[in-house]
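The structure appears right after this line, and notes come after that.
What follows draws every value from the coordinates through simple rules; no lab data is involved. Please read these numbers as outputs of a predicted model, since none were measured by experiment. Here Cβ is always computed from backbone atoms with ideal geometry, including for glycine, and neighbour counts include all displayed protein chains.
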Amino acid sequence: MPIPRIATVSVAALAALTLAACQGGASPDPTSSEPASGPTLRLLVDGTPTEVDALQMQVDAWSETSRSDVRIVLASDLEQQLAESFANANPPDVFALPTTSLERYEGYLEPYGRFADAGDLAPSLLDVVADGGELQCVPRSADATTLAISHAAWADAGLTDADVPTTWEQLETVAAQLTTDDAAGLAIDPDAEHLGVLLAQAGGALVDESGAVADSPENAAALDLAVRMHDLGTLAWPDDLGASSAATAFASGDAAMAYVDLGELLAAEAAAPAPSTAPDPSASDEAAPSDEPTTSDEPGTESTDPSASGDPSASPSASTDADADALLDDVRLVPLPAGPVDGAAFVSSSCWAIPSDTRTGDEARDLIDFLTQAGQQVELADATATVPVTTTAGATFAEQHPERAAAVAAVASGVDMASALGPAEATASLDDALATLAAAEPGEADVASLLADLQARLEQQLG
């Protein structure tokens, strides 16, 4: 369904702001010391050194057959450094791009053209990257929100498989049964990505073809559910629990259930102290892996490119594939309970993109084709705590990791947040409104007033 576009900041404007805030200019791109018959491609990505190591192995395998080198540039701030590279007229040959930024880079990307596995892509991902039937970029990885349940809390409450909530009404009941003096029954981040999914499940939106529709009865019903549960003490915001996120609250045992994405859950579980041990302030950094993205000076990632970064003190990601499976030993992931209209989750994703007017387009497409083969997708998902982007690779991944199958299913059946609610500027306004909602004391949240204010704000943005 087409929706009016709220004015967006172009990449040129973003780049100008970025350059104004940064000192120094671009340095020449160094020439590769490795001889090759084809060009050397610069590949800009974000993530952890562990993730980049996995990617390095894949591009090395491609280089062996293509006879073209790939130099991976690990970004500490992908959006900023990508904008800077375009402003310097020196964009990378291939780069990872959050699909939420596609509209910002409209006109700056080389359309990908024909992609053999396009029909195998998760529908929500294809909807985002296809413009008039032409791919603007190729999905790289995906994630989606599921309901995480603590096995221990579930057993302590005397609940069984028959009690797994599949509707909002059942969610309310189960959250009440799981609530104790020590833990909330349910934790949700008060943002568009997590709490905002209730609006879509109720049939609501922020913007549609008629304009702003934030103050709809459907949106009110969704937020009334959250407020009612919060007032009863069965739903807690992360701040209520002294946690930075719902995933962190769940991993620490302060919530029996939580709305979480796979990646954030695994990061939180890896960072949480063991249940039987108290945190040791004198423990070394290696004993408490960080859930923050890190940078690396590892061979293959170091660069003097202005968009490169490295931190020799940074530690690698905590989650190897085997570790990630172990982290979910006491966790059950299930689909989100359905609202009055549906139970679809919001899918987040990134894609492989190519700059417009590139001289290395053929090589870049060949590299992307290789990286999106089913086997490569599964390897990437293992390394990055994400989900493959095609149904074929997703089925293989779910078979290998049944404890993560709910996340695979959520990506396959999920929806794009912007398609469901409205463009990025509208969901950013929703973020602000939900933060206000979460700041209200129990019994004081005014959903009608909040949605009326949001409606007025969106109408002003739409002009």
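Ordering VAL334, VAL260, VAL341 by the number of other Cβ atoms within 10 Å of each residue's own Cβ, fewest first, gives VAL341, VAL334, VAL260.
Length, then width, then depth: along the principal axes, the Cα atoms of segment 369-415 run 26, 21, 16 Å.
For TYR108, TYR259, the sequence from fewest to most other C-beta atoms within 10 Å is TYR108, TYR259. Were the residues from ASP342 through THR436 laid out at 0.36 nm apart, the gain over their Cα-Cα distance would be 31.2 nm.
Pairwise Cα distances in segment 49-172 exceed 22 Å for 58 percent of all pairs. Assuming 0.890 mPa s and 25 °C, estimate D for segment 185-226 with Stokes-Einstein, Rh taken as the Kirkwood radius over Cα pairs, in µm²/s. Result for D is 231 µm²/s. Label separation (GLN460 vs ALA176): 4.0 nm, computed from points 7 Å beyond Cα along the C-beta direction.
Going from the residue with the fewest nearby Cβ atoms within 10 Å to the one with the most, HIS401, HIS194 rank HIS401, HIS194.
The tail of the calculated P(r) for segment 211-252 beyond 13 Å holds 62 percent of all Cα-Cα pairs.
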